[in-house]
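Here the structure is laid out as structure tokens; the discussion comes afterwards.
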Amino acid sequence: MRRVLGILAIAVVIIGWFALSPGQKKSTPVTLTFHAEMGGEPLVYDQFVYDNPGGAGQFRVRDFRFYLSNLSFGQGDQTFAEPNSYHLLRFDNADKTHSITLPEVPLASIDTVRFLIGVDPAANTSIEVRGDLDPNSQMAWNWEVGYKFVVFEGALQVGQEVSPLVYHVGFSENAREVAFSLPADVLTEANGQIHLTVDPAKLFDGSARIDMQTLPSVKFNRTDAEILANNYAAMITPAF
């Protein structure tokens, strides 16, 4: 009997050691907070305060939103991909921010973050509802199956003339991957918080500079959509 109790005691110690041993996989809560900024200040809606990057006039923002999907975190050669990872980000709130919280990321720490701006081709050609994807939403195209990856609407003022701006980008090939590395211990120091800056101006001033007066609308033209997609690939940057 003593021998049996001794064996059980050793087993309990071993199990406890593995449970508490440093380096063992654990769950980490992670929150990504996206801050919409232009010119280093929070995004301003409905005011002509931003210069046309490629020409004359000032523009105002009425609506700005985009899909973020395929969110994943890495630690060395280990990766955790969020299931049904489809988020619609919008910033028409007091703080001009949008947060995504994952209560349990099963990695002891995180050194890389990856996601798509847009929707992956499989989900973009499906009518299945998942995450924030809804084929009956305002972000769905009404002329084919699929979603508007990025929506930017507003107006351009040149002198006394005001004209509408409408940019809807969402062909499957317009999805762009964003990936970055985290500084050592950033999650520990920030209590699981990762802050990122979203700059809508990059839509029009990136690898190509766009004159809004010359190109006031993009919807169905694949060449113009690709130009905007190449630009918005750089609109999200880490804020640390």
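The values are calculated or read from the model by the stated rules, or taken from the named source; none is laboratory data. Fair warning: this is a prediction, and the values are worked out from it, not measured in the lab. Note that each Cβ is placed from the backbone with ideal geometry, even for glycine, and that neighbours are counted across all protein chains shown.
Val186 passes all but one of (1) touching a Gly at 6+ places or on another chain (Cβ under 7 Å); (2) surrounded by fewer than 19 Cβ atoms within 10 Å (Cβ to Cβ); which number fails?
(1)
Given the criteria over 16 Å from Ala81 (Cβ atoms), surrounded by 13 or more Cβ atoms within 10 Å (Cβ to Cβ), out of contact with any helix residue (DSSP H, G or I) (no Cβ under 6 Å at 6 or more places or on another chain) and in contact (Cβ under 8 Å) with a residue 24 or more places away in the chain, does Asp111 qualify?
no
So which residues in region 97-121 are under 16 Å from Asp185 (Cβ atoms) and of a type in the set (A, V, I, L, M, F, W, C)?
Filtering region 97-121 down to residues under 16 Å from Asp185 (Cβ atoms) leaves 105, 107-113.
Hits for region 97-121 are Val105, Leu107, Ala108, Ile110, Val113.
Only one residue in Gly206, Gly192 is in contact (Cβ under 8 Å) with a residue 24 or more places away in the chain, over 20 Å from Leu43 (Cβ atoms) and of a type in the set (Gly, Ala, Ser), so which one is that?
Residue meeting the stated conditions: Gly192.
Spot the failing condition for Glu226; the list is (1) assigned to a loop (DSSP other than H, G, I, E, B); (2) closer than 30 Å to Gly55 by Cβ, and only one is missed.
It fails just one condition, (1).
For region 194-231, what are the residues that are β-branched (Val, Ile, Thr) and either more than 19 Å from Arg62 (Cα to Cα) or surrounded by fewer than 20 Cβ atoms within 10 Å (Cβ to Cβ) (or both)?
Across region 194-231, the qualifying residues are Ile194, Thr197, Thr214, Thr223, Ile227.
Given (1) buried (at least 20 other Cβ atoms within 10 Å of the Cβ); (2) under 20 Å from Phe115 (Cβ atoms); (3) more than 12 Å from the chain's Cα centre (by Cα); (4) among the hydrophobic types (A, V, I, L, M, F, W, C), identify the lone condition not met by Ala239.
(1)
Quick check: is even one residue across region 3-23 farther than 21 Å from Ile110 by Cα, modelled with pLDDT of 95 or more and exposed (fewer than 15 other Cβ atoms within 10 Å of the Cβ)?
The answer is no, given that none of the residues of region 3-23 is farther than 21 Å from Ile110 by Cα, modelled with pLDDT of 95 or more and exposed (fewer than 15 other Cβ atoms within 10 Å of the Cβ).
Would you mind finding the one in Asp46, Asp132, Asp77 that is farther than 20 Å from Val218 by Cβ, out of contact with any Ser or Thr (no Cβ under 7 Å at 6 or more places or on another chain) and free of Cβ contacts under 8 Å to residues at least 12 places away in the same chain?
Testing whether each residue is farther than 20 Å from Val218 by Cβ, out of contact with any Ser or Thr (no Cβ under 7 Å at 6 or more places or on another chain) and free of Cβ contacts under 8 Å to residues at least 12 places away in the same chain leaves just Asp77.
Mind telling me which of the residues Phe204, Phe220, Phe171 ends up being closer than 17 Å to Tyr50 by Cα, in contact with a Phe, Trp or Tyr (Cβ under 9 Å, 6 or more places away or on another chain) and not small (Gly, Ala, Ser)?
The conditions single out Phe204.
With respect to Pro42, determine if the residue is under 27 Å from Thr101 (Cα atoms), in contact with a Leu (Cβ under 8 Å, 6 or more places away or on another chain), surrounded by fewer than 16 Cβ atoms within 10 Å (Cβ to Cβ) and of a type outside the set (Phe, Trp, Tyr).
Criteria not met by Pro42.
Tell me the residue from Ser72, Ser99 that is touching a Phe, Trp or Tyr at 6+ places or on another chain (Cβ under 7 Å), polar (S, T, N, Q) and farther than 24 Å from Phe204 by Cβ, please.
Exactly one of Ser72, Ser99 is touching a Phe, Trp or Tyr at 6+ places or on another chain (Cβ under 7 Å), polar (S, T, N, Q) and farther than 24 Å from Phe204 by Cβ, namely Ser72.
Could you list, in sequence order, the residues of region 143-164 that are more than 15 Å from Ala225 (Cβ to Cβ), in a strand (DSSP E or B) and of a type in the set (A, V, I, L, M, F, W, C)?
Within region 143-164, Ala155, Leu156, Val158, Val162 meet the criteria.
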